[in-house]
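**Q** The structure follows.
The values are calculated or read from the model by the stated rules, or taken from the named source; none is laboratory data. Quantities reported herein were computed from a predicted structural model and do not represent experimental measurements. Cβ: placed from backbone, ideal geometry, glycine included. Neighbour counts: every protein chain shown.
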Amino acid sequence: MSRDGGALNEQQRAAVAFGEGPLLIVAGAGTGKTKTLAHRVAYLIEGGVSPERILLLTFSRRAAREMLSRAARIVGEAQATKVWGGTFHAMGNRPLRTYGRALSLPPEFTVMDQADAADLMNLIRSELGLGQQQSRFPRKDTLADMYSRVVNARQKLSDVLETSFPWCSPEAAGIKAVFHAYIDRKRQQGVLDYDDLLLYWHALTKAEKTGDVVVGLFDHILVDEYQDTNVAQLDILREMCRVNRNVTVVGDDAQAIYSFRAATVRNILDFPAHFPRAEVIRLEQNYRSTSTILGLTNAVMEPAAEKHAKTLWSERGTGPLPRLVTCLDETQQADIVCKAILEQREQGIALRQQAVLFRTGHHSDLLEVELGRRNIPFVKCGGLKFIETAHVKDILAMLRVLENPLDEMSWFRSLQLVDGIGPGTARQLIGALGVRRPPADQGAGVPSAESPLLALQSESLPVPATASEAFDAFRWALREAADLPPGSQIDRLRHFYEPVMERLHGNAEARLRDLEQLEHIASGYASRREFITDLTLDPPTSSGDFAGPPLLDDDYLILSTIHSAKGCEWTSVHVIHAADGMIPSDMATKTREEIDEERRLFFVALTPS
DNA sequence: CATTTATAAATTTTT
DNA sequence: TTTATAAATG
């Protein structure tokens, strides 16, 4: 990052000062693409474009923040903060809150994460009795994956089944039934999943009246990491640019690592066809790595089936050779990595400038223990997030019930927190509360979304006597929490929830800290709606246990999955578990394409150094 | 009859 | 660490 201060090179300058119309910037690893994009944003603003009419689509909110803070150094904070910046999903959320009515979407809609979507699939799966047949039916996560692929790749279910889930093909009819019910349920409840944010955004651009308003919001659209976008995102982009065609995309086909999310490199390869008369600019000078490292990365990519016509070069000369260390077992690996890290720190490479990268979240488990033992502070990115832990989801479910009383899944989860209420009673209660609108009701006016919360306080609910006391505590907590500021709502709900948590989950201490953290985050928000939405669209990446509180230690090591390390850079990188079955993952070696993606993944792991 | 408790099994990568 | 299924319990 310190190398950022220098002047732009010729290609970078051309990209920054490009005029109107579509532009593709092919930017190899370490060629200063973030810098270029940030400068382009600044250039547009200085050239008279209103910052609030610029849309910057990135892969994570962190990436958007970083880019805009760089732009701020040029044009000032006041201007840069007005730029719309974030992920496709988060940026879809905003126009949908304002204009969603055009698609009969209530502004208080709630957003489900992937796990919630899977839970809803599961509910429907069991309601349709698809669980207990002789032939085994796909499990909830598989169902959610399949659905997501259908939406994001814009493919027919039969094609998706054939290419990605061949063992499920015999169940096509049942799967289709689940999907239809799933779509209906989301509609009735005013709930969107991640995919819907893209789908509805696209629909919004095509809606009568509001379509042109939404498309007219922006003069320039810039997209980062374009190689990892999918067809649904391309569709949105095409519509959003249909009038002024000012779209700049940046990417590198050699770094495409999200095909499991239906991203396709075709988007970047076919950009000139999708956006006629597009200009293409290549950034080929690498500022990050030594030619020694580039030699290695080039060699890694050499056997790939699909070639990437790009010649990276560097002026940074040769450097220390990369080391390949063979370990007997994981214990030895942890030991060697810890030693290497400390050794390098002695040589003046701070912990912050080092990172440990791995293929899957749990690959770092043993290392984390060892780091803890040696008092090496670290923060882990990727893997299980704290939003995915049961206790956080429980609290969130209660908040969502307050926000959107028609959100059936959240009721289902919340109600079962009450001692003595299981799936059966919860389902009955959901009926009695009027959460599920009968389908006939749909066109007929706006049913009061308040009513399930009012009904909750009624005395004549089908609650078993054994659960009655706990149920009263539950409804009082919700009632009292309802109108407090977001932070206090969590505080109030915790009074009810903490004993429940000890009964259900154990390991109460660590979980308690998480809840305190959650309350702390919430207290920074003015509205509950914003808090809940942000939490699902931009979840905090660190997962609970730190070796030391990183707020006190300002120097700490980064542990990260390779996927979440994209775009970062460090002086020293340790890639662990670089062995058969882990990199490449044995889950992904069935086809040539999958192996190539694992190859690119390894490439991405090597380039930050 | 529904809930709780016990037992066994599985577990990529992310918005 | 979570999740599906089976038996035990109230």
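**Q** Quick one: how many residues across region A:204-233 are under 20 Å from A:Asn244 (Cβ atoms) and either without any contact (Cβ under 8 Å) to a residue 24 or more places away in the chain or outside any loop (DSSP other than H, G, I, E, B) (or both)?
**A** Total satisfying the criteria: 15.
**Q** Moving on to the next point. Answer yes or no as to whether A:His363 is in contact with a His (Cβ under 8 Å, 6 or more places away or on another chain), farther than 27 Å from A:Asn286 by Cβ and outside the structural domain of A:Ala481 (by TED's automatic domain parsing).
**A** yes
**Q** Is it fair to say A:Asp335 is away from DNA strand C (no atom under 16 Å from the Cβ), free of Cβ contacts under 8 Å to residues at least 40 places away in the same chain and out of contact with any helix residue (DSSP H, G or I) (no Cβ under 6 Å at 6 or more places or on another chain)?
**A** Here the answer is yes, as A:Asp335 does meet what is asked.
**Q** On the given criteria, is A:Ser126 within 16 Å of DNA strand C (Cβ to nearest atom), over 25 Å from the mean Cα position of the chain (by Cα) and either not aromatic (Phe, Trp, Tyr) or not assigned by TED's automatic domain parsing to the domain that holds A:Ala27 (or both)?
**A** yes
Table: residues versus (1) within 30 Å of A:Ala117 (Cβ to Cβ); (2) modelled with pLDDT under 85.
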| residue | (1), (2) |
| --- | --- |
| A:Gln353 | no, no |
| A:His363 | yes, no |
| A:Glu370 | no, no |
| A:Lys380 | yes, yes |
| A:Phe386 | yes, yes |
| A:Val392 | yes, no |
| A:Ile395 | yes, no |
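**Q** Being modelled with pLDDT of 95 or more and under 22 Å from A:Val280 (Cβ atoms): is that true of A:Pro22 here?
**A** Against the criterion (modelled with pLDDT of 95 or more and under 22 Å from A:Val280 (Cβ atoms)), A:Pro22 qualifies.
**Q** Does region A:302-315 include one or more residues that are at pLDDT below 85 and farther than 25 Å from A:Gln11 by Cβ?
**A** Yes, the conditions are met somewhere in region A:302-315.
Yes or no, residue by residue, for (1) under 21 Å from the mean Cα position of the chain (by Cα); (2) not in a helix (DSSP H, G or I):
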site	(1), (2)
A:Val325	no, yes
A:Asp335	no, no
A:Ile349	no, yes
A:Asp365	no, no
A:Ala397	yes, no
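**Q** For region A:126-179, give me the residue count where each residue is basic (Lys, Arg) and farther than 26 Å from A:Glu388 by Cβ.
**A** 3
**Q** Please go through region A:402-455 and give me each residue that is over 27 Å from A:Thr466 (Cα atoms) and at pLDDT 90 or above, ordered by number.
**A** Scanning region A:402-455 gives A:Glu403, A:Asn404.
**Q** Can you confirm whether A:Ile395 is surrounded by 20 or more Cβ atoms within 10 Å (Cβ to Cβ), more than 21 Å from A:Asp193 (Cβ to Cβ) and within 16 Å of DNA strand C (Cβ to nearest atom)?
**A** Taking the combined requirement at face value, the residue does not satisfy it.
**Q** Could you list, in sequence order, the residues of region A:567-605 that are among the aliphatic types (A, V, I, L, M), over 23 Å from the mean Cα position of the chain (by Cα) and in a helix (DSSP H, G or I)?
**A** A:Ile595
**Q** Also: When you go through A:Arg413, A:Arg400 one by one, which is the residue that is away from DNA strand B (no atom under 16 Å from the Cβ), among the basic types (Lys, Arg) and either buried (at least 19 other Cβ atoms within 10 Å of the Cβ) or outside the structural domain of A:Thr533 (by TED's automatic domain parsing) (or both)?
**A** Within the list A:Arg413, A:Arg400, the selection yields A:Arg400.
**Q** Turning to a different aspect of this structure: Counting just the residues of region A:110-129 that are buried (at least 19 other Cβ atoms within 10 Å of the Cβ) and away from DNA strand B (no atom under 16 Å from the Cβ), which one comes out modelled with the lowest pLDDT?
**A** Across region A:110-129, the extreme among qualifying residues is A:Arg125.
**Q** Run down A:Val178, A:Val150 and say which single residue is part of a helix (DSSP H, G or I), within 16 Å of DNA strand B (Cβ to nearest atom) and not aromatic (Phe, Trp, Tyr).
**A** Every option except A:Val150 fails the conditions.
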